[in-house]
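Undergrad: Before we start, here is the structure in question, set down as structure tokens.
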Amino acid sequence: MPKLHVKKGDLVQVIAGKDKGAKGRVIAAYPREDRVVVEGVNMIKKHSKETLQGPRGAKTGGVQTMEAPIHVSNVKKLKDDEKPAEKKAEKKADDKTGEDN
């Protein structure tokens, strides 16, 4: 199975296609098809048949707007500001004091 450079939850920017420049989070990744679903990007309208399968026999159906998958080569991973700082930087700061442990 091929490996993708993005995974679910990553912040990405679309670099090609009709939604070029749009930013969003990855909702789902499909490595076998080399595709990802990005929040708010590549919106399509899906028509579903009216049924009586809802709670208490409620009617469900009509036109729904949803995201469609786009090719993984059309997205670029962005830096996430929410991630905590790496511990490597803290360790180097301790070494500069000149103390032996």
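Undergrad: Of all residues in segment 54-80, which are surrounded by fewer than 10 Cβ atoms within 10 Å (Cβ to Cβ) and farther than 20 Å from ALA29 by Cβ?
TA: Keep residues of segment 54-80 that are surrounded by fewer than 10 Cβ atoms within 10 Å (Cβ to Cβ), which gives 55-58, 63, 65, 79.
Within segment 54-80, PRO55, ARG56, GLY57, ALA58, VAL63, THR65 qualify.
Undergrad: Among ALA16, ALA28, which is the only one that is of a type in the set (A, V, I, L, M, F, W, C), touching a residue at least 40 places away in the same chain (Cβ under 8 Å) and not in a strand (DSSP E or B)? Show your work before the answer.
TA: Values: ALA28 fails: not in a strand (DSSP E or B).
The match here is ALA16.
Undergrad: Oh, and also: Quick one: in segment 31-45, of everything that is aliphatic (A, V, I, L, M) and out of contact with any helix residue (DSSP H, G or I) (no Cβ under 7 Å at 6 or more places or on another chain), which residue is nearest to VAL12 (Cα to Cα)? Before you say what the answer is, go through the steps one by one.
TA: From segment 31-45, those aliphatic (A, V, I, L, M) are 36-38, 41, 43-44; that's our starting set.
Cutting the leftovers down to out of contact with any helix residue (DSSP H, G or I) (no Cβ under 7 Å at 6 or more places or on another chain) gives us 37-38, 41, 43-44.
Numbers: VAL37: 11, VAL38: 8, VAL41: 11, MET43: 16, ILE44: 19 Å.
Restricting to residues being aliphatic (A, V, I, L, M) and out of contact with any helix residue (DSSP H, G or I) (no Cβ under 7 Å at 6 or more places or on another chain), the top hit is VAL38.
Readers should treat all values here as calculations from the given coordinates under stated rules, not as data from a laboratory. Nothing here was measured: the structure is a model prediction, and the numbers come from that model. When we count neighbours, we look across all protein chains shown, and the Cβ atoms used for this are built from the backbone with ideal geometry, even at glycine.
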